[in-house]
Amino acid sequence: ISIFLAQVSSAAQNKFLLRRLETIANTDGLTGVASRSFFDQAYETAIKNTRHFQNIHFSMLIIDINGLKQVNDSYGHVKGDEMIKSVASFLKSHCRTTDILSRIGGDEFAIIAPETSAEEYEDLCGRVLETVRALAIADDDGGAVPLTVSVGGVVAQVPAGSEPLRIDSLLADADRSLYAAKTAGRNTAAAAADID
């Protein structure tokens, strides 16, 4: 009996540790939002769903924090990390339960928003930009360092008879729209449809 109980206990502990490792692998250590690897999996799933079911579509936003390098250079990386965590916390509080928020790079986040039309995408971008403008982090002199972001993205919807979405081209379109937003003066948003 003791050998059996030891084996059951060991199996339960291994299962717990495996779940814990999965959570760690899927979570960004600094911000607590989903990691890049989790984003990649969720993105592939969203693409597959859109390929198979034409009424299932999604929007993807890529959000880039403006001026992080200057904050790191002027105030140190602790303040830079504070800026990243502030933006992550804000985005998390404004996402729906069905949205997937991930940190995909040093100062970049992505949101996969299921069942989002082009109009809803624009509304979401506007809300992100407007509300982030109200955020700031305190500097060492008691002043405030304002936060702004640039937003790019794409609405992934496949009309009947169209070619299926490709993973690489959709992400490239979102990246191009983010670059267009940054080129337009930062603190703005663009969609892939705006740059075609």
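The values are calculated or read from the model by the stated rules, or taken from the named source; none is laboratory data. Remember, predicted model here, so these are calculated numbers, not experimental data. Backbone-built Cβ (ideal geometry, glycine too); neighbour counts: all protein chains shown. For accessibility, only protein heavy atoms count, side chains too; no ligands or nucleic acids. Shrake-Rupley method; radii C 1.70, N 1.55, O 1.52, S 1.80 Å.
With the structure loaded, tell me whether residue 152 is assigned to a strand (DSSP E or B) and either open to solvent by less than 10 Å² (accessible area, probe 1.4 Å) or of a type in the set (S, T, N, Q) (or both) or whether it fails that test. Yes, satisfied.
Can you tell me which residue among 111, 84 is outside any helix (DSSP H, G or I) and modelled with pLDDT of 90 or more?
Values: 84 fails: outside any helix (DSSP H, G or I).
Of the residues listed, the single one that is outside any helix (DSSP H, G or I) and modelled with pLDDT of 90 or more is 111.
Checked against (1) farther than 19 Å from residue 135 by Cβ; (2) modelled with pLDDT under 90; (3) crowded, with 18+ Cβ neighbours inside 10 Å, residue 55 passes all but a single condition, namely (3).
Within segment 122-133, is there a residue that is modelled with pLDDT of 85 or more, within 20 Å of the chain's Cα centre (by Cα) and open to solvent by 50 Å² or more (accessible area, probe 1.4 Å)? Yes, that holds for at least one residue. Residues that are in contact (Cβ under 8 Å) with a residue 12 or more places away in the chain, charged (D, E, K, R) and either touching a Cys at 6+ places or on another chain (Cβ under 9 Å) or open to solvent by less than 30 Å² (accessible area, probe 1.4 Å) (or both): does segment 94-115 have at least one? Checked against the condition, which is being in contact (Cβ under 8 Å) with a residue 12 or more places away in the chain, charged (D, E, K, R) and either touching a Cys at 6+ places or on another chain (Cβ under 9 Å) or open to solvent by less than 30 Å² (accessible area, probe 1.4 Å) (or both), segment 94-115 yields at least one hit. Check whether at least one residue in segment 149-157 is at pLDDT 85 or above, over 26 Å from residue 45 (Cα atoms) and hydrophobic (A, V, I, L, M, F, W, C), and report yes or no. Yes, the conditions are met somewhere in segment 149-157.
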